[in-house]
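Encoded as structure tokens, the structure appears first; notes follow it.
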Amino acid sequence: MPGLVKPNPGISKISITCFTRVSKYTVMANSLQVILTKRLFILFFLQALIAFSTNATTLVLPPTGDVVGDVQYTLSEVNETIDEVGRRFDVGYNEIVRANPQINSSRSIINSRLVIPGQYILPDGPRKGIVINLAEYRLYYFPQNENVVITFPVGIGRSGWNTPLGVTKVVAKVANPKWRPTGNLRAEAEKNGDFLPDEFPSGPYNPLGQYALRLGWPTYLIHGTNKLDGIGMRVSAGCIRMFPDDIEYLYRMVPLGTSVRVINQPIKIGRKDGAWVIQIHPLLSEQRGKTLHSLLNKQLKNQHISNLENNKIIHNELAYPTGLIRKI
């Protein structure tokens, strides 16, 4: 575990050896050893906590309402890319681009003032286990018996290799996983003039990264990556892809058997400070034939909300969904 302080057995050994001749001092040495051990344990625990919570966005669940987090603002650093800003704030590529329509969607940005969309309406449904909302490229983890939610940006299955919807669970946790590409993936690679081996060994060239959570759905994983430029995008063959630090944190936090619910909810409506708020994301390509307007009407009906036909805020978000929360 990098960066953690471990007790030095030499300290305790020297302390005890120095006081072996007189019983009173032996007791003092034993007491000192206990104190040192306790302090080192506390230091070890605190450093472990810091090591595994650096990039995780942990948010306290509100006593009432459905909104967590806050919007932030930042100036991009010299030669910083959108992906690097995302890594700095633990948000995905599409999240930043949608919330900042003024920037060029190319990955290079120069001295830009950026909105960091760190505020979320919690998805519909039970707040337990892992919930992945494909429409917002985001994973929510609700630890059991804790009043918090931990959220991460994710990459999802590209068009034609869609991430499945439904409910499953974590059936295995694998460190340093090997990857065996499916026959379909190897065939696709061959059509593009590439070659995929039967197996990728664990290591820096493995597309799964250092950690993976196996799901009850065969061939689908939640895993890391050896590339950092696909988080918040449609890049995978159906798996859920995470930043290396994020998957390590999730890997260590999530127990086997944790439920995993994958949904596609582009429009979320909830309550904040007694008022209705809305958060709209673009439709995924597989939702052809549907419109945000039709989904909105269904959501409003489910929430028993009316008289919003001419709401300018909603119409602006439907025309260009920013993914930012708007009061309605």
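Brief remarks follow.
- Hits in segment 283-310 (condition: in a loop (DSSP other than H, G, I, E, B) and buried (at least 16 other Cβ atoms within 10 Å of the Cβ)): 283, 284
- Odd one out for residue 278 among (1) buried (at least 19 other Cβ atoms within 10 Å of the Cβ); (2) part of a helix (DSSP H, G or I): (2)
Results for (1) within 13 Å of the chain's Cα centre (by Cα); (2) at positive phi; (3) outside the structural domain of residue 241 (by TED's automatic domain parsing); (4) not acidic (Asp, Glu), shown as yes or no for each residue.
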residue: 66; (1), (2), (3), (4): no, no, no, no
residue: 78; (1), (2), (3), (4): no, no, yes, yes
residue: 83; (1), (2), (3), (4): no, no, yes, no
residue: 96; (1), (2), (3), (4): no, no, yes, yes
residue: 112; (1), (2), (3), (4): no, no, yes, yes
residue: 126; (1), (2), (3), (4): no, no, no, yes
residue: 133; (1), (2), (3), (4): yes, no, no, yes
residue: 137; (1), (2), (3), (4): yes, yes, no, yes
residue: 140; (1), (2), (3), (4): yes, no, no, yes
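- Tally of residues being out of contact with any helix residue (DSSP H, G or I) (no Cβ under 6 Å at 6 or more places or on another chain) and either surrounded by fewer than 13 Cβ atoms within 10 Å (Cβ to Cβ) or in a helix (DSSP H, G or I) (or both) across segment 67-82: 6
To keep it simple, each residue is scored yes or no on (1) touching a Pro at 6+ places or on another chain (Cβ under 7 Å); (2) of a type in the set (Asp, Glu); (3) outside the structural domain of residue 181 (by TED's automatic domain parsing).
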site: 254; (1), (2), (3): no, no, no
site: 278; (1), (2), (3): no, no, yes
site: 281; (1), (2), (3): yes, no, yes
site: 287; (1), (2), (3): no, no, yes
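- Unique match (being crowded, with 20+ Cβ neighbours inside 10 Å, of a type outside the set (S, T, N, Q), modelled with pLDDT of 95 or more and over 21 Å from residue 91 (Cα atoms)) among 215, 134, 165, 122: 215
- Given (1) surrounded by fewer than 18 Cβ atoms within 10 Å (Cβ to Cβ); (2) of a type outside the set (Lys, Arg); (3) in contact with a Leu (Cβ under 6 Å, 6 or more places away or on another chain), index of the condition residue 222 fails: (1)
- First in segment 158-185 and over 18 Å from residue 133 (Cα atoms), second anywhere and outside any loop (DSSP other than H, G, I, E, B) and at pLDDT below 95, Cβ under 6 Å, 6 or more apart: 179/200
- Residue list for segment 264-291, restricted to those being closer than 17 Å to residue 137 by Cβ and in contact with a helix residue (DSSP H, G or I) (Cβ under 7 Å, 6 or more places away or on another chain): 264, 265, 266, 267, 280, 281, 283, 284
- Odd one out for residue 212 among (1) within 23 Å of residue 255 (Cα to Cα); (2) in a loop (DSSP other than H, G, I, E, B): (2)
- Selection count where residues are assigned to a loop (DSSP other than H, G, I, E, B), within 24 Å of residue 287 (Cα to Cα) and without any contact (Cβ under 8 Å) to a residue 24 or more places away in the chain, scope segment 101-140: 1
Let's see how each residue does on (1) at pLDDT 95 or above; (2) within 20 Å of residue 188 (Cβ to Cβ); (3) surrounded by 18 or more Cβ atoms within 10 Å (Cβ to Cβ); (4) of a type outside the set (Val, Ile, Thr):
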residue	(1), (2), (3), (4)
210	yes, no, yes, yes
226	no, yes, no, yes
255	yes, no, no, yes
269	yes, no, yes, no
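The values are calculated or read from the model by the stated rules, or taken from the named source; none is laboratory data. The structure displayed is predicted, hence computed values, not measured ones. Neighbour counts are summed over all protein chains in view; Cβ atoms, including those assigned to glycine, are modelled from backbone coordinates with ideal geometry.
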